[in-house]
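Novice: Take this structure, written in structure tokens, and hold onto it; I'll ask about it next.
The values are calculated or read from the model by the stated rules, or taken from the named source; none is laboratory data. Please read these numbers as outputs of a predicted model, since none were measured by experiment. Cβ: placed from backbone, ideal geometry, glycine included. Neighbour counts: every protein chain shown.
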Amino acid sequence: MSRTKPHIVGVGNALVDVVAPVDPDVIGRHGLTPGGMHLVDADAAHALFAEVGPGFRQSGGSVANSIAHMADSGLRGTYLGKIADDDLGRTFRQEMDGMGIAAPVAEGSADEIGTGRCVVLVTADGERTMSTHLGAAVTLAPSDICANQFEGCDILFVEGYLWDAPQGHAVIETATQFARATGARIALTPSDPACVERNRDGMLAFVADHTDILIGNHVEIGALAGEDDTATALKWALGHVAIAAVTESEKGSLVSDGSEPVHVEAVPVTRVVDSTGAGDAYASGFLSELARGRDIAEAGLIGARLAAGVLGHFGARDGAAARAISLPAA
């Protein structure tokens, strides 16, 4: 454990969310389904951005969001990922730096692939259509990770989506080795049940061999466990890791460090506008309190409070992009 303020390092896919009000014909012209979420190639991403950019921008990515939520917590946060040397990459770096989050993200060539982006097209009726290109994020390599980035690290937080990248497994192993050298604990979020299915063997091996803390919603942890029931999924997790937190939306979460599971109530909100990023916020609060030495019940409560904070607006974080998504299109 570090002797100064706790230090949490996160590694994942670095993205920039770009919110753009548009006319409905833009969506059809780019072959997108209104209201859908689409993973697109580089050519399609560049063509869309050329038409609707620059939009309202905000750095994103699952674990990047979790680390960003630590900005006001008094903890030291570091985020590792990969961007391109382009305008969106500068947006990502500047925003993280502006929050006091160390983001020594690697840079690829802007000519090759570009920074990963999720373009959110908002029509006058408020409907959102998303087009995501992972870009430079999936080119992250072990050589982009350095031992000095883990100085004083208490917890390394790993994003499950990394397993989808060509060198993702090697990146995770490298980061884990550097973190272990500092005495850090290793935390994992499975990211998505489909991601679990694509990478089951590698993810299960990592859980068994390296993971100390497992955090995810009941569907994600259930996909790993092969179980539908939240309590059963938690029990499975505790057979492999020291600490687990399984969230279930408005039902709250179940947390345990091997002792009797604790049910943490969800924090009430006046109106749920968008659940995007609630899990990222919960993970941020939960890990932050563990790094401070708090017990699991306290950690779960802070996680629930942070999760509730993002439910009242669009997007995973507050800011210009979150506010823009609720505005009618021009």
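Novice: Would you list the strands (runs of 3 or more DSSP E) that sit entirely within segment 122-193 and hold 1 or more residues that are surrounded by fewer than 22 Cβ atoms within 10 Å (Cβ to Cβ), modelled with pLDDT under 95 and charged (D, E, K, R)?
Specialist: In segment 122-193, 128-133 are the strands (runs of 3 or more DSSP E) which contain 1 or more residues that are surrounded by fewer than 22 Cβ atoms within 10 Å (Cβ to Cβ), modelled with pLDDT under 95 and charged (D, E, K, R).
Novice: Could you check how many residues of segment 1-41 are assigned to a helix (DSSP H, G or I) and either buried (at least 19 other Cβ atoms within 10 Å of the Cβ) or touching a helix residue (DSSP H, G or I) at 6+ places or on another chain (Cβ under 7 Å) (or both)?
Specialist: 2
Novice: Give, as residue ranges, the strands (runs of 3 or more DSSP E) completely inside segment 231-292 that count at least 1 residues that are closer than 22 Å to residue 185 by Cα, β-branched (Val, Ile, Thr) and within 18 Å of the chain's Cα centre (by Cα).
Specialist: Where strands (runs of 3 or more DSSP E) fall fully within segment 231-292 and carry at least 1 residues being closer than 22 Å to residue 185 by Cα, β-branched (Val, Ile, Thr) and within 18 Å of the chain's Cα centre (by Cα), they are 243-247.
Novice: Additional query: In segment 19-63, what residues are modelled with pLDDT of 85 or more, closer than 21 Å to residue 79 by Cβ and not hydroxyl-bearing (Ser, Thr, Tyr)?
Specialist: Residues satisfying the conditions are 60, 61, 63.
Novice: Could you tell me which of the residues 284, 275, 326 is among the polar types (S, T, N, Q), within 26 Å of residue 193 (Cβ to Cβ) and modelled with pLDDT under 85?
Specialist: 275
Novice: Where residues in segment 77-99 are in a loop (DSSP other than H, G, I, E, B) and touching a strand residue (DSSP E or B) at 6+ places or on another chain (Cβ under 8 Å), which of them is nearest to residue 26 (Cα to Cα)?
Specialist: 85
Novice: Check whether at least one residue in segment 69-76 is in contact with a His (Cβ under 8 Å, 6 or more places away or on another chain) and either assigned to a strand (DSSP E or B) or under 30 Å from residue 155 (Cβ atoms) (or both), and report yes or no.
Specialist: yes
Novice: Being crowded, with 18+ Cβ neighbours inside 10 Å and in contact with an Asp or Glu (Cβ under 7 Å, 6 or more places away or on another chain) narrows it down to one residue among 116, 81, 60; which is it?
Specialist: Unique residue meeting the criteria: 60.
Novice: Right, another one. How many residues, within segment 202-238, are small (Gly, Ala, Ser) and buried (at least 17 other Cβ atoms within 10 Å of the Cβ)?
Specialist: 6
Novice: Looking for whichever is of a type outside the set (Lys, Arg), touching a Cys at 6+ places or on another chain (Cβ under 9 Å) and at negative phi here; the options are 15, 48. Which one fits?
Specialist: Exactly one of 15, 48 is of a type outside the set (Lys, Arg), touching a Cys at 6+ places or on another chain (Cβ under 9 Å) and at negative phi, namely 15.
Novice: I'd like the full set of residues that are part of a strand (DSSP E or B) and either at pLDDT 85 or above or of a type in the set (A, V, I, L, M, F, W, C) (or both), limited to segment 105-121.
Specialist: Within segment 105-121, 106, 107, 116, 117, 118, 119, 120, 121 qualify.
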